[in-house]
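Throughout, read-outs are computed from the coordinates displayed, never taken from laboratory work. Nothing here was measured: the structure is a model prediction, and the numbers come from that model. Heads up, the Cβs are rebuilt from the backbone with ideal geometry, glycines too, and the neighbour counts pull from every protein chain shown.
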Amino acid sequence: MKPTLPDPIFPMTHIPNQYWYEQVRSRGEFCRFIPTGFSYNDHDFAAATGYVLAASAGLARAQNPTEVDRCLTNAIGEVQTAIWHHHADEHGRHSSALDLSMFQAFMAALTRRAAQTTLDSYKAGHPSWRDSWALLHGLTAVLPPGPAERAEKLREGLVTELGDDATGALPAWCGTPPTPCGQIRWARDGYGGRLALFIETSDPITGRQAVYLIDFDAASTGTLVQAGEHPSLAAATAAWKAALPHAEGVTEPTPVTDGNQIAFLDYVHDPVHRTGPEQVEAIMTEFWRAQRRMADAIAWLGVDGITGPIRRDLTEPCETGGDIAAFAIWLDHHGARYSPEDIAWFVEFWTRYATPGSQRCVAPERVEGRRSSGFFWDHTDAVLEQVLAMLPLWTRYCAERDNLLVRLTTKAMAALPATIDDLDIPEHKRRHC
């Protein structure tokens with residue numbers, strides 16, 4: 001029988017509310033008084049970890065890795081969805097407390113509780129210790145490398161306590177995830193702002209094959225849009241295409257042959273801040289499994305000599321030397337006179353925060369994403385006027401260089417802001433001089 005999800009799932013009593021944040025921010029004291037992170041203890045997650053333990057009843061009788069994978073992914077997803085909603089209702093979806101550290105702390109608490117429950121139940125002679133033991137094994141298979149390694153250390157530490165019972169309680173495959181096999185493919189939309197990875201996986205016991213989809217938005221929010229398992233490549237491709245805002249120019253999935261094609265993977269790690277209410281359940285459910293599948297895929301590609309992505313701080317200017325020179329030539333050819341310094345400044349300004357490979361993306365969602373994220377805040381009107389003047393030229397340059405379809409170019413040009421008022425800058429974030 002499925003357990004009832006506790007309410008509230010997470011007390012959050014020690015975290016200031018969103019009103020407090022806004023008051024501090026309005027006084028100009030935000031950096032001084034708001035801590036860089038919040039401290040959590042296992043007691044904060046008692047209801048959440050208890051629910052996952054209850055949902056894991058009978059897990060020791062699972063028949064294959066896929067059953068364990070689904071059970072834990074769904075239970076953890078329900079809890080994280082509830083935590084997200086509770087926090088959003090109480091403190092505001094964009095408060096500084098709603099970050100990756102909260103969910104990392106929850107997972108650490110769950111891992112420790114699974115280990116402690118196993119030991120306590122075993123010493124008490126209660127047969128339920130096998131289920132929490134299976135849960136601990138399952139976490140090593142579902143979680144990405146860092147958290148999985150911590151779960152593995154706790155599991156190894158319990159082996160001494162459990163003795164011979166540790167090896168005989170569960171089948172040998174327990175703790176083994178569905179693994180990549182065959183091809184790993186990628187695809188992109190016409191703008192190059194929506195990127196997808198298709199990972200073929202196989203259950204090592206049943207041989208059941210599936211395709212895991214990673215759908216990343218590099219155009220606007222820079223985060224995970226959807227992730228999940230599908231029965232075939234065709235089904236995964238259809239699910240991805242159905243979610244795209246622009247149907248023109250979409251590529252079909254092709255095998256990954258270069259690490260640059262999957263450079264976006266290193267930024268699919270913190271979808272919390274930018275997850276909307278309509279996406280939260282799907283994203284929170286796949287939150288950890290998506291990262292594990294990506295790590296396994298990168299390792300699988302490494303066997304073929306394809307190196308994984310190299311992380312870059314998105315707050316720093318990206319490599320734009322080639323575009324700066326090419327854009328300068330394009331401007332000169334089209335009779336637009338700008339100094340080399342202005343050209344370099346604009347390219348570096350506009351491509352900041354762009355994930356690798358998406359610097360020249362001109363999708364309408366890029367402008368909208370930057371408008372809604374505060375990208376244009378705290379700049380003088382003179383700076384913004386120059387951005388508005390050069391943005392149409394940059395859009396046309398990118399469209400020509402990347403052979404963008406005419407319909408997509410037209411959409412991109414139509415979406416550009418014409419005046420500073422179109423940037424939706426709050427008055428207190430506007431600098432007129």
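Some points to look at:
- Averaging the Cα positions of each part gives two centres, and for region 99-126 and region 61-78 these lie 17 Å apart.
- Between G302, T206, F264, the Cα set farthest toward the positive side of the dipole of region 179-303 (charges on each charged residue's Cβ, about the Cα centre) is that of T206.
- Peptide packing: for 133-143, 421-431, 50-60, the average count of neighbouring Cβ atoms within 10 Å per residue gives the ranking 133-143, 50-60, 421-431, highest mean first.
- Cβ charges +1 (Lys, Arg) and -1 (Asp, Glu), total dipole of region 321-429, debye: 460 debye
- Footprinting exposure proxy ranking of E149, E248, E78, fewest other C-beta atoms within 10 angstrom first, gives E149, E248, E78.
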